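Visitor: Sending over a structure as structure tokens; questions will come in a sec.
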Amino acid sequence: MTTQDTTHEKIQEAITSDDVVLFMKGRRRMPQCGFSAQVVGILDQMLEDYTTVNVLTDPEVRQGIKEFSNWPTIPQLYVRGKFVGGCDIITEMFEQGELQTILGVEVAEVSPPTLHITEAAAGALKEALASEGGSRVRISIDARFRPTLNLDGAGPLDLEVEAGGVPFVVDRGTAQRSDGLRIDFLEGAQGGFRIDNPNEPAKVRQVGPEQAKALLEGEEGIQFIDVRTPDERDTASIGGARLLDDAYRAELLELPKETPLLFHCHHGGRSQAAAEYFLGQGFTKVFNLAGGIDAWSREVDTSIPRY
């Protein structure tokens with residue numbers, strides 16, 4: 001038996017191991033590409049249990065599944081042994097209600113989201129609809145909470161909602177992720193639409209030196225945390241930052257989880273890791289100084305030695 005035959009046999013066994021099998025990059029609870037995350041987000045809305053195969057752990061399966069299905073991309077979904085499609089097809093089928101039929105699940109009731117739109121954003125969107133001859137503005141929020149705005153029509157399972165005199169349309173997944181969404185618009189070269197989603201999970205927010213300075217001046221109770229070594233701190237330090245040792249770590253973990261935390265290191269890598277740790281401990285306002293103390297010494301306080 002050739003290597004290809006062995007790989008195809010392994011794939012066939014995986015496909016028939018469960019009614020629903022998803023070949024993806026990463027695991028169900030930790031997708032490692034946006035397309036896999038999107039499909040997992042769709043399936044999770046409908047199914048409690050299904051099988052995933054992480055193609056990143058087996059290069060032969062990663063290539064072999066493409067040949068097996070004659071489909072060039074991953075993820076790939078199989079239902080009761082039959083190939084359904086990749087990310088775009090699965091998303092479209094879900095929005096049209098076809099995927100629910102294939103999976104044998106009911107199309108659940110979804111309420112239209114409440115949207116908040118500023119006058120500036122409403123004016124810009126009305127102008128775009130008039131100039132492009134569009135009928136509605138489609139808001140899409142994918143499984144990783146990345147927003148997009150487009151001019152589009154409505155599909156059979158789409159939900160329609162009006163805000164600020166602007167007609168919007170959302171797919172079912174977006175409706176569940178966008179309640180309370182706020183849309184603003186800023187003029188100028190650095191302007192454009194600004195979308196604030198209160199449903200988005202907390203994440204480490206990157207801030208430059210000037211933004212960090214403003215945070216330190218304006219955020220009450222903010223903790224400014226230096227995650228470098230004591231020797232580095234002796235070489236150069238930012239006023240107000242406290243070295244993260246065991247005692248300070250324990251002190252931080254006792255603080256209310258809404259306490260703002262701003263981390264810095266030399267260039268931003270170690271502080272990012274520390275920030276993600278505290279995010280995982282439940283803190284919701286976590287910031288990382290992009291570029292670290294090196295950027296601070298170039299842009300805010302040139303008296304701080306660079307090393």
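The values are calculated or read from the model by the stated rules, or taken from the named source; none is laboratory data. Fair warning: this is a prediction, and the values are worked out from it, not measured in the lab. Neighbour counts run over all protein chains shown; Cβ positions are idealised from the backbone, glycine included. With ligands, DNA and RNA removed, areas are computed over all heavy atoms of the protein, side chains included. Shrake-Rupley method; radii C 1.70, N 1.55, O 1.52, S 1.80 Å.
Visitor: Would it be correct to say that residue 24 is modelled with pLDDT of 95 or more and surrounded by 15 or more Cβ atoms within 10 Å (Cβ to Cβ)?
Guide: Numbers: modelled with pLDDT of 95 or more: yes; surrounded by 15 or more Cβ atoms within 10 Å (Cβ to Cβ): yes.
So residue 24 passes the test.
Visitor: Test each condition in (1) closer than 19 Å to residue 153 by Cα; (2) among the β-branched types (Val, Ile, Thr); (3) exposed (fewer than 13 other Cβ atoms within 10 Å of the Cβ) for residue 114 and report the one that comes out false.
Guide: Every condition holds for residue 114 apart from (1).
Visitor: A follow-up question, please. Could you check, for the stretch 223-230, whether at least one of its residues is more than 30 Å from residue 120 (Cα to Cα), assigned to a helix (DSSP H, G or I), β-branched (Val, Ile, Thr) and in contact (Cβ under 8 Å) with a residue 40 or more places away in the chain? Break it down stepwise before answering.
Guide: Of the residues in the stretch 223-230, the ones more than 30 Å from residue 120 (Cα to Cα) are 223-230.
If we keep only those that are assigned to a helix (DSSP H, G or I) too, we end up with 230.
Next cut, β-branched (Val, Ile, Thr) only: none.
Looking through the stretch 223-230, none of the residues is more than 30 Å from residue 120 (Cα to Cα), assigned to a helix (DSSP H, G or I), β-branched (Val, Ile, Thr) and in contact (Cβ under 8 Å) with a residue 40 or more places away in the chain.
Visitor: Take the residues of the stretch 93-105 that are of a type in the set (S, T, N, Q) and either within 16 Å of residue 19 (Cβ to Cβ) or without any contact (Cβ under 8 Å) to a residue 60 or more places away in the chain (or both): which is least open to solvent (accessible area, probe 1.4 Å)? Outline the logic, then answer.
Guide: Step one: filter the stretch 93-105 for residues of a type in the set (S, T, N, Q), giving 96, 100-101.
Pick out the ones that are also either within 16 Å of residue 19 (Cβ to Cβ) or without any contact (Cβ under 8 Å) to a residue 60 or more places away in the chain (or both) and you get 100-101.
On the way: 100: 4, 101: 108 Å².
Per the criteria, the residue is 100.
Visitor: Let me ask you something else. Only one of these is small (Gly, Ala, Ser), exposed (fewer than 12 other Cβ atoms within 10 Å of the Cβ) and in contact with a helix residue (DSSP H, G or I) (Cβ under 9 Å, 6 or more places away or on another chain): 189, 108. Name it.
Guide: After applying the criteria, what remains is 108.
Visitor: Answer with yes or no whether residue 121 is touching a Gly at 6+ places or on another chain (Cβ under 8 Å), of a type in the set (A, V, I, L, M), closer than 30 Å to residue 186 by Cβ and in contact (Cβ under 8 Å) with a residue 60 or more places away in the chain. Reasoning before the result, please.
Guide: Details: touching a Gly at 6+ places or on another chain (Cβ under 8 Å): yes; of a type in the set (A, V, I, L, M): yes; closer than 30 Å to residue 186 by Cβ: yes; in contact (Cβ under 8 Å) with a residue 60 or more places away in the chain: yes.
When the stated conditions are applied, residue 121 passes them.
Visitor: Assess whether residue 259 counts as being modelled with pLDDT under 95 and part of a loop (DSSP other than H, G, I, E, B).
Guide: On the way: modelled with pLDDT under 95: no; part of a loop (DSSP other than H, G, I, E, B): yes.
No, not satisfied.
Visitor: Of the residues 213, 203, which is open to solvent by 30 Å² or more (accessible area, probe 1.4 Å), assigned to a helix (DSSP H, G or I) and of a type outside the set (Phe, Trp, Tyr)? Give the steps one after another, and end with the answer.
Guide: Details: 203 fails: assigned to a helix (DSSP H, G or I).
Going through 213, 203 in turn, the sole match is 213.
Visitor: Taking the stretch 155-178 as the region of interest, how many residues are open to solvent by 50 Å² or more (accessible area, probe 1.4 Å) and at pLDDT below 95?
Guide: So the answer is 3.
Visitor: Of everything in the stretch 53-68, what is open to solvent by 20 Å² or more (accessible area, probe 1.4 Å) and either in a loop (DSSP other than H, G, I, E, B) or farther than 14 Å from residue 20 by Cα (or both)? Give them in sequence order. Walk me through how you get there before you give the answer.
Guide: First, the residues of the stretch 53-68 that are open to solvent by 20 Å² or more (accessible area, probe 1.4 Å): 53-54, 56-60, 62-63, 66-68.
If the condition is that a residue be open to solvent by 20 Å² or more (accessible area, probe 1.4 Å) and either in a loop (DSSP other than H, G, I, E, B) or farther than 14 Å from residue 20 by Cα (or both), then 54, 56, 57, 58, 59, 60, 62, 63, 66, 67, 68 are the ones that fit.
Visitor: Looking only at the stretch 8-21, count how many residues are open to solvent by less than 10 Å² (accessible area, probe 1.4 Å) and either within 21 Å of residue 92 (Cβ to Cβ) or touching a residue at least 60 places away in the same chain (Cβ under 8 Å) (or both).
Guide: Taking the stretch 8-21 as the starting set, the residues that turn out to be open to solvent by less than 10 Å² (accessible area, probe 1.4 Å) are 11, 15, 21.
Now restrict to residues that are either within 21 Å of residue 92 (Cβ to Cβ) or touching a residue at least 60 places away in the same chain (Cβ under 8 Å) (or both): 15, 21.
Going through the stretch 8-21 one residue at a time, the tally reaches 2.
Visitor: Turning to a different aspect of this structure: Before we move on, is residue 195 closer than 19 Å to residue 301 by Cα, touching a Lys or Arg at 6+ places or on another chain (Cβ under 9 Å), surrounded by 12 or more Cβ atoms within 10 Å (Cβ to Cβ) and in contact (Cβ under 8 Å) with a residue 24 or more places away in the chain? Quick ask: steps written out before the conclusion?
Guide: Values: closer than 19 Å to residue 301 by Cα: no; touching a Lys or Arg at 6+ places or on another chain (Cβ under 9 Å): yes; surrounded by 12 or more Cβ atoms within 10 Å (Cβ to Cβ): yes; in contact (Cβ under 8 Å) with a residue 24 or more places away in the chain: yes.
So residue 195 fails the test.
Visitor: Further question on the same structure: Might you check whether a residue that is open to solvent by 30 Å² or more (accessible area, probe 1.4 Å), over 22 Å from residue 144 (Cβ atoms), modelled with pLDDT of 90 or more and not polar (S, T, N, Q) occurs anywhere in the stretch 39-52?
Guide: Yes, the stretch 39-52 contains a residue that is open to solvent by 30 Å² or more (accessible area, probe 1.4 Å), over 22 Å from residue 144 (Cβ atoms), modelled with pLDDT of 90 or more and not polar (S, T, N, Q).
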